[in-house]
Amino acid sequence: MLGTIVNTACIIAGTIAGTIFRKGLGEKYRSVLFNAMGLASIALGCNSFVQNMPKSELPVLFILSLAVGGIAGTALDIDGRAKRLVASHGGDSFAKGLISACLLYCVGTFSIVGPVLSATQGDNTFLYTNATLDLVTSMVFATTYGFGMILAAPVLFLWQGSFWLIAKLAASSPLLQGTLVNELGIVGGVLIIASGLSILEVKDCKTLNYLPALLVPVIWFLLKGLF
């Protein structure tokens, strides 16, 4: 869990630093940083997709995942409920920023593979790399949206902690040794791209409605293991 603790601490430190720097920035500079976050999200999402797609044994699974997950998320109105909850405490802009930050920190290859490698091999390299990236990213998010971005830190800790615990309990499972992680990286990459488009106000994809898409590859491989 050391890697996850370091990653969480970096987000907290970055948020505090960004909040301090925020006071000296004018609106036009915040707008620049706002656009920078959108572009960075799209770039990181594309990177995750491109890295994992060639390794996929089921190249159409991510399409099925997005379709099924999107329908389920829309029926549950996950995006709307989350935005209303967060907006009630900080406004629509804050809600968009916090949701984007959580997706960027959590739904990526480093944040999925990292805890698994940490639990099964004691290798925290991915998590330390992710922590360095998140330190810088959290500073920019806080500079743009304020101190409330620190709420993304416990979300990340619970997310990575869950993967770490599952990996510890199922270290020998073929689910963690096969292509599942790649499929999650592909779907996660698409979600991060969607988040970037939302930040740039190109298209509001209601990204959170697609979060159930991350469960579809897991269910697929579980069923495949049974048959």
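Which count do you get for residues in the stretch 40-65 that are part of a helix (DSSP H, G or I) and either among the small types (Gly, Ala, Ser) or within 25 Å of Leu133 (Cβ to Cβ) (or both)? Let's see the steps before the verdict.
Just the residues of the stretch 40-65 that are part of a helix (DSSP H, G or I), to begin with: 40-55, 61-65.
Filter once more, keeping what is either among the small types (Gly, Ala, Ser) or within 25 Å of Leu133 (Cβ to Cβ) (or both): 40-55, 62, 65.
Looking only at that region, the number is 18.
For the stretch 13-39, which residues satisfy the criterion of being among the charged types (D, E, K, R) and either assigned to a helix (DSSP H, G or I) or in contact with a strand residue (DSSP E or B) (Cβ under 6 Å, 6 or more places away or on another chain) (or both)?
Arg22, Glu27, Lys28, Arg30
For the stretch 106-158, which residues satisfy the criterion of being among the charged types (D, E, K, R) and open to solvent by 40 Å² or more (accessible area, probe 1.4 Å)?
The answer is Asp123, and nothing else.
Among the numbered criteria (1) buried (at least 19 other Cβ atoms within 10 Å of the Cβ); (2) at pLDDT 80 or above; (3) within 10 Å of Thr143 (Cβ to Cβ), which single criterion is violated by Phe21?
For Phe21, the exception is condition (1).
Out of (1) free of Cβ contacts under 8 Å to residues at least 40 places away in the same chain; (2) within 17 Å of the chain's Cα centre (by Cα); (3) in a helix (DSSP H, G or I), what's the single condition that is false for Gly185?
In the conditions (1) free of Cβ contacts under 8 Å to residues at least 40 places away in the same chain; (2) within 17 Å of the chain's Cα centre (by Cα); (3) in a helix (DSSP H, G or I), Gly185 misses (1) alone.
Going by the conditions given, is Phe49 farther than 24 Å from Phe163 by Cα and of a type in the set (Phe, Trp, Tyr)?
So Phe49 does not fit the description; no.
The values are calculated or read from the model by the stated rules, or taken from the named source; none is laboratory data. Values in this document were obtained by computation on a predicted structure and should not be read as measured data. Note that each Cβ is placed from the backbone with ideal geometry, even for glycine, and that neighbours are counted across all protein chains shown. Keep in mind that these areas ignore ligands, DNA and RNA; they rest on the heavy atoms of the full protein, side chains included. Shrake-Rupley method; radii C 1.70, N 1.55, O 1.52, S 1.80 Å.
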